[in-house]
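Here is the structure we will look at, set down as structure tokens.
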Amino acid sequence: MVPSCTKCSSPTVKLLKKLPAILIFLHSLSTRAGISDLVSAQSWQYHSSFMVNILNGNVSAVEFIVQLGVDVNQPEGKQEYSDGCDMCQESRSKLLEYTFWEVACTMANSKLPSPRRQKIRDLLRKHGGLSSRNLGTKRKFMRHLRTGYDHEDCRCRLVEGWLIRDSDDEHVSG
């Protein structure tokens, strides 16, 4: 049996909580492109690391990335060698149109939003998040990602592969 930690603010515990964000940062350094790698879909991804972490409610990773100076009012970018999610493109998904801030606001907009989704929204607001767009609810947004416009058979590959969870009490790492 592992003894429980009585000092949850110890440096080791703090470091372990930031581990996912640290790994994302180290990957971005190794590719030499820096912050743009975090906000753009790479050749091995359907969506950017930042977008996936926002969608999944990964507070520590989002917090770390915004501290690097990411513009939260930009939509997800594309790289020359990656077009990103083909299903989102075919269905003209809002995920490609919305800014990171707008996605965070939408994911926190539900009857009983989770504290982690609210924290992400508040973090992005603190880092300059703003929009004049009338945003819908998380439920409508997730339905949109599953079915595309006009109930087409297109949807986001992240939803298709169960890489984003709709549940506010469930967390999937980005």
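How high is the FRET efficiency between SER43 and ARG125 when r is their beta carbon distance and R₀ equals 25 Å, given to the nearest 0.05?
Details: r = 32 Å, r/R0 = 1.28.
My answer for the efficiency is 0.20.
What nm value, rounded to one decimal, do you get for the distance between LYS140 and GLU90 when each label is placed 7 Å out toward the C-beta?
2.6 nm
On a full-extension model of 0.36 nm per residue, what is the gain between LEU112 and GLN67, subtracting their alpha-carbon distance, rounded to one decimal in nm? Each step should come with its number before you reach the end.
Working: separation 45, 0.36 × 45 = 16.20 nm, distance 2.75 nm.
Full extension from LEU112 to GLN67 adds 13.4 nm.
Show me the chymotrypsin sites (Phe, Trp or Tyr not before Pro) within segment 40-114 that DSSP assigns to loop and that have at most 14 other Cβ atoms within 10 Å of their Cβ.
TRP44, TYR81
Rule-based calculations on the coordinates, nothing more; no lab input. What you are looking at is a predicted structure, and each value in this text was computed from that prediction instead of being measured. Positions of Cβ are generated from backbone atoms using ideal geometry, with glycine treated the same way; all protein chains shown enter the neighbour counts.
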